[in-house]
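Only the coordinates and a few stated rules stand behind these numbers; no lab work does. Since this is a predicted model, take the numbers as computed values, not measurements. Because the Cβ atoms are built from the backbone with ideal geometry, glycine has one as well, and the counts that use them run over all protein chains shown.
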Amino acid sequence: MTTGTIAVCTRDRATVLPQCLASLDAQLAEPGQVEVLVVDNGSSDGTAGLLRRWRDEGDGRLVVSEPRVGLSRARNAALAASVRDVVLFLDDDALAPPTWARAHLAAYAGAPEIGSVGGPVGVVWPAGRPAWLGPALDMWYSALDLGDDACPFPTEHGPYGTNMSVRRTAALAVGGYDPRLGRRGAKLLSSEEPDLTRRLKAAGWAIRYEPEAAVVQQVLPERLEKRWLVRRGWAQGISNARREVLGDQPSRRERLRRAADEVRETREALADRRQADHDDLAPVVRTAVHASAALELLRSSLARRS
């Protein structure tokens with residue numbers, strides 16, 4: 001039997017976290033196979049008390065503290081605390097159907113080559129969807145649907161962090177999540193998941209897409225502002241550049257060449273923006289992605305070699 005730890009990493013989300021945890025109650029029907037572990041990443045809003053009460057409500061409920069702020073650090077704390085075969089990560093504002101963990105764990109059964117599994121992510125809008133937020137922007141809220149068939153993961157990015165599982169020993173063997181990437185407090189940095197996926201692949205592990213392992217991502221009200229979306233794109237560009245530098249270790253000349261490529265992409269995005277409808281934010285976000293990537297690559301080329 002393949003066993004799993006469902007890990008929810010949280011920071012100052014006491015008003016949202018209970019919905020996520022309630023959606024996981026059904027996963028504990030077989031406590032010998034699945035447990036739920038919450039990593040409190042330095043919360044100061046009453047999360048600690050909420051988690052004490054939740055932990056005492058039944059078996060298979062664990063809480064650990066990681067005071068060093070950062071999503072990658074919190075996820076690494078979950079990897080270190082678990083003794084199960086697989087660690088399944090779910091964001092604290094996401095909801096899992098009753099069969100979610102079972103679908104993830106089934107993908108590993110009899111498949112020792114699999115190092116990570118990801119599934120679809122649906123998006124819901126509890127506060128309503130703004131009229132300006134078109135379908136082309138759903139990707140920035142973690143929406144993902146790669147079809148109805150299980151298969152090798154078809155994108156280079158790999159699983160999204162809100163619906164990702166890893167074989168624990170494999171993830172630990174390649175160093176876990178890189179704390180130089182990923183959310184840190186109010187900073188919207190990311191790319192820790194594709195960085196881990198890249199290292200797992202390099203070590204020979206297979207990455208799988210499992211359509212039965214779907215979750216629902218709630219879009220919180222603070223993410224419904226245009227300013228947040230542009231900030232998200234800006235942070236993504238920085239993340240992309242940092243992941244390239246960490247993964248490829250390019251020379252200074254290569255970093256400058258890549259920066260020039262990003263400048264060209266920025267100009268193209270600006271041209272698209274001038275031709276787009278006034279309310280079309282997609283070219284604006286794309287401009288932010290490429291402009292910040294160019295600046296980060298330039299900064300990196302002027303700094304000491306990473």
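The angle between the Cα long axis of helix 192-202 and the main principal axis of the chain comes to about 80°, on a 0 to 90 degree scale. Could you tell me how many degrees, from 0 to 90 and to the nearest 10, lie between the Cα long axis of helix 226-248 and the main elongation axis, the longest principal axis, of the Cα atoms of the chain? Tilt relative to the chain: about 90 degrees.
Highest mobility in the GNM of the chain, judged by mean-square fluctuation with C-alpha springs under 10 Å and restricted to D85, D277, D138, is found for D277. The Cα atoms of region 115-250 give a gyration tensor whose axes a ≥ b ≥ c have a/c of 1.5 or more with a/b no greater than b/c, which makes the shape oblate.
Put simply, the amide H of V123, placed in the peptide plane, has neighbours under 5 Å in Q217, leaving out anything fewer than 5 places away on its chain.
By definition, a body whose alpha carbon gyration tensor gives a ≥ b ≥ c is rounded when a/c is under 1.5, and region 4-223 falls into this rounded group.
Pairs of Cα atoms under 8 Å, at least six residues apart: use those to get the relative contact order of the chain, whole percent.
Normalised by residue count, the contact order of the chain is 19 percent.
Of the GluC sites (Glu not before Pro) found in region 213-306, those in coil by DSSP whose Cβ has at most 11 other Cβ atoms within 10 Å are E225.
Counting only DSSP beta bridges with both residues in the chain, tell me the antiparallel percent, nearest 5.
In the chain, approximately 35 percent of DSSP beta bridges are antiparallel ones.
Annotation: amide H of V63 within the under-5 Å range of V38, sequence separation 5 or more or interchain, hydrogens built in the peptide plane. For the chain, a Gaussian network of Cα nodes joined below 10 Å ranks A77, A271, A214 by mean-square fluctuation, and the top entry is A271.
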